[in-house]
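Have a look at the structure below, then the notes.
The values are calculated or read from the model by the stated rules, or taken from the named source; none is laboratory data. Because the structure is predicted, anything quoted here is derived from the model rather than measured. FYI the Cβ positions are ideal-geometry reconstructions off the backbone, even for glycines, and counts take in every protein chain you see.
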Amino acid sequence: MAAKHPPAFDPEAFLNSPGVARKVVTCAAGAPIFAQGDAANTVLYVQQGRVKLSVVSRTGKEAVVGVLGPGDFLGEGALAGQPVRLATATAMSPSQILVVPKRHMIRLLHEQHALSDRFIAHMLARNTRLEEDLVDQLFNASEKRLARTLLLLARYGKPDGPRQVLPKISQEVLAEMVGTTRSRVNFFMNKFRKLGFIEYNGGLKVHRSLLSVVLHDAPDPDQ
Amino acid sequence: MKSGKKTGPRAKGARDSQPGFDAEAFLKSTGVAKRVTQFGRGDAVFTQGDPCEHVLYVQTGGVKLSVLSKSGREAVVAMLGPGDFFGEGSLAGQPFRMGSATATIPSTILIIDKTEMVELLHKQHAMSDRFISHLLARNIRIEEDLVDQLFNSSEKRLARTLLLLARYGKQDKPVRVVPRITQETLAEMVGTTRSRVNFFLNKFKKLGFIEYDGDLPLKVNSSLLSVVLHD
């Protein structure tokens, strides 16, 4: 989208460097970046690592609404006037996060085309993914949703994928991403393993054959 | 209303460098590289599988975005109104439409060529500001819908859908009257069956949460909020 415009502003350089009016924080695996209910006055950007976005219901159920990686923004709801964070962001691996004050971000988005192009591209990708997740919920059985989640985590269909061995992820987190229970996840993981779709000893390996679960349109036993 | 100014290197104060461009005026007017088309109620604006060549904008009316599964089930992913963009997936490089857009009432739709839109977003601050706020609002709504699916029962989801259709929680006052909508469409929005929708609508009516008489427009009372708020 951003054709090379003469001198000026390089969003990648900006987003990957520390400097004035923004800071870079380093988070260990499992460390919270912000929590649901915190005041929302910054926009954040993942320079390195992986971040989980999750929401907790009043009854204490947790749902994962996104897993973000390098190049993704988070906390952008602040720009839409959300006074508090509606989700919790947690580092899943050691991460480097750029924190930009909301006012500063609004000004930059307005003044710097290269950054607004970059931000629009992020939002489009994020909305597409969320919409797909929503459609997946509306249509598919939990078995299929789990298969799709694993394939996406292994970056099937991405230009830089597939990456067959997945970073460590617990069955609890998978259950929260899929919208089912841990015991169901365990059951389907064992089934996938027996069928040779996945392997686990230490890391989790996802084979291309797992695609068959997603692509076949078998009747949904859950529905 | 295009200013003939060249967009050169961006410096501070760029905010005022393009006084000529008014995003609202542009989006409400007709002109080059974009066109305005009228659609009747039920008309397809685009269909799942069509090539993605445009970004669209609702000037007046209402548009339903839906997705069809391979087995023929339909899910409604959004109900849009004046001021909303749609079909913006084309900007993310989607070659084909992932869903269908249908006019739910007579609508005036602005159709902007994809390449023109990319250029406008890059050059016109007012336009990119406007588009970013659309994307943010849309993002929040889809995320909420997803959380709703992950957490809530279909009864609660139906109550939430009705309240949102009646514009509870919006800046302008609730309209109370939900625009004409079939039980099928409600079922596709909520992710349940028509018979469940019928069952819950009758339940809500008995409890006085809604006023509902078959085909007539449905009225939502604020007491319906109790279904959503109680755990």
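Quick notes
- B:Ser107 being among the polar types (S, T, N, Q), within 14 Å of A:Asn127 (Cα to Cα) and crowded, with 22+ Cβ neighbours inside 10 Å: no
- Residue tally, condition among the aliphatic types (A, V, I, L, M), buried (at least 19 other Cβ atoms within 10 Å of the Cβ) and away from chain B (no Cβ under 14 Å), over the range A:30-56: 4
- Matching entry among B:Val227, B:Val147 (being assigned to a helix (DSSP H, G or I), crowded, with 18+ Cβ neighbours inside 10 Å and more than 12 Å from chain A (Cβ to nearest Cβ)): B:Val227
- Counted residues, the range B:79-104 - those being surrounded by fewer than 21 Cβ atoms within 10 Å (Cβ to Cβ), among the small types (Gly, Ala, Ser) and under 13 Å from the mean Cα position of the chain (by Cα): 3
- Residue in the range B:162-172 that is surrounded by fewer than 17 Cβ atoms within 10 Å (Cβ to Cβ), in a helix (DSSP H, G or I) and outside the structural domain of B:Glu88 (by TED's automatic domain parsing) present: no
- A:Ser95 meets the conditions (1) touching a residue at least 60 places away in the same chain (Cβ under 8 Å); (2) more than 23 Å from A:Val25 (Cβ to Cβ) in every case but one. The failed one is (2).
- Consider the range B:44-63 and keep the residues that are within 14 Å of chain A (Cβ to nearest Cβ) and touching a residue at least 60 places away in the same chain (Cβ under 8 Å). The one that is farthest from B:Leu120 (Cα to Cα) is B:Cys52.
- Qualifying positions in the range A:57-80 - at pLDDT 85 or above and more than 7 Å from chain B (Cβ to nearest Cβ): A:Val64, A:Gly66, A:Val67, A:Leu68, A:Gly69, A:Pro70, A:Gly71, A:Asp72, A:Phe73, A:Leu74, A:Gly75, A:Ala78
- Those residues of the range A:89-126 which are hydroxyl-bearing (Ser, Thr, Tyr) and crowded, with 19+ Cβ neighbours inside 10 Å, in sequence order: A:Thr90, A:Ser95, A:Ser116
- Verdict on B:Thr102 being polar (S, T, N, Q) and assigned to a loop (DSSP other than H, G, I, E, B): no
- Within the range A:85-115, tally of residues that are outside any loop (DSSP other than H, G, I, E, B) and more than 20 Å from the chain's Cα centre (by Cα): 14
- Within the range B:87-121, if we keep just the residues that are within 18 Å of B:Pro51 (Cα to Cα) and free of Cβ contacts under 8 Å to residues at least 40 places away in the same chain, the residue that is nearest to the other protein chains (Cβ to nearest Cβ) turns out to be B:Ala92.
- Here is the figure for the range A:116-141: residues that are closer than 15 Å to B:Val147 by Cβ, basic (Lys, Arg) and over 12 Å from the mean Cα position of the chain (by Cα) total 0.
- Meets criteria (surrounded by 17 or more Cβ atoms within 10 Å (Cβ to Cβ), of a type outside the set (Phe, Trp, Tyr) and either in a helix (DSSP H, G or I) or more than 11 Å from chain A (Cβ to nearest Cβ) (or both)) for B:Val76: no
- Residue within the range B:133-142 that is within 14 Å of chain A (Cβ to nearest Cβ) and among the polar types (S, T, N, Q) present: yes
- Where a residue in the range A:176-191 is on the phi > 0 side of the Ramachandran plot and in contact (Cβ under 8 Å) with a residue 24 or more places away in the chain and its partner, wherever it lies, is surrounded by fewer than 21 Cβ atoms within 10 Å (Cβ to Cβ) and of a type in the set (Phe, Trp, Tyr), with Cβ under 9 Å and at least six apart: A:Gly179/B:Phe151
- Residue ID - modelled with the lowest pLDDT, chosen from residues in the range B:122-132 that are buried (at least 21 other Cβ atoms within 10 Å of the Cβ) and at the interface with another protein chain (Cβ under 9 Å from one of its Cβ atoms): B:His125
- When every residue of the range A:141-155 is checked against the conditions, at least one turns out to be within 11 Å of chain B (Cβ to nearest Cβ), in contact with a Gly (Cβ under 8 Å, 6 or more places away or on another chain) and either in a helix (DSSP H, G or I) or not aliphatic (A, V, I, L, M) (or both).
- Some residue of the range B:131-149 being over 30 Å from A:Val56 (Cβ atoms) and touching a strand residue (DSSP E or B) at 6+ places or on another chain (Cβ under 9 Å): yes
- The number of residues in the range B:122-138 that are free of Cβ contacts under 8 Å to residues at least 40 places away in the same chain and of a type in the set (D, E, K, R) comes to 0.
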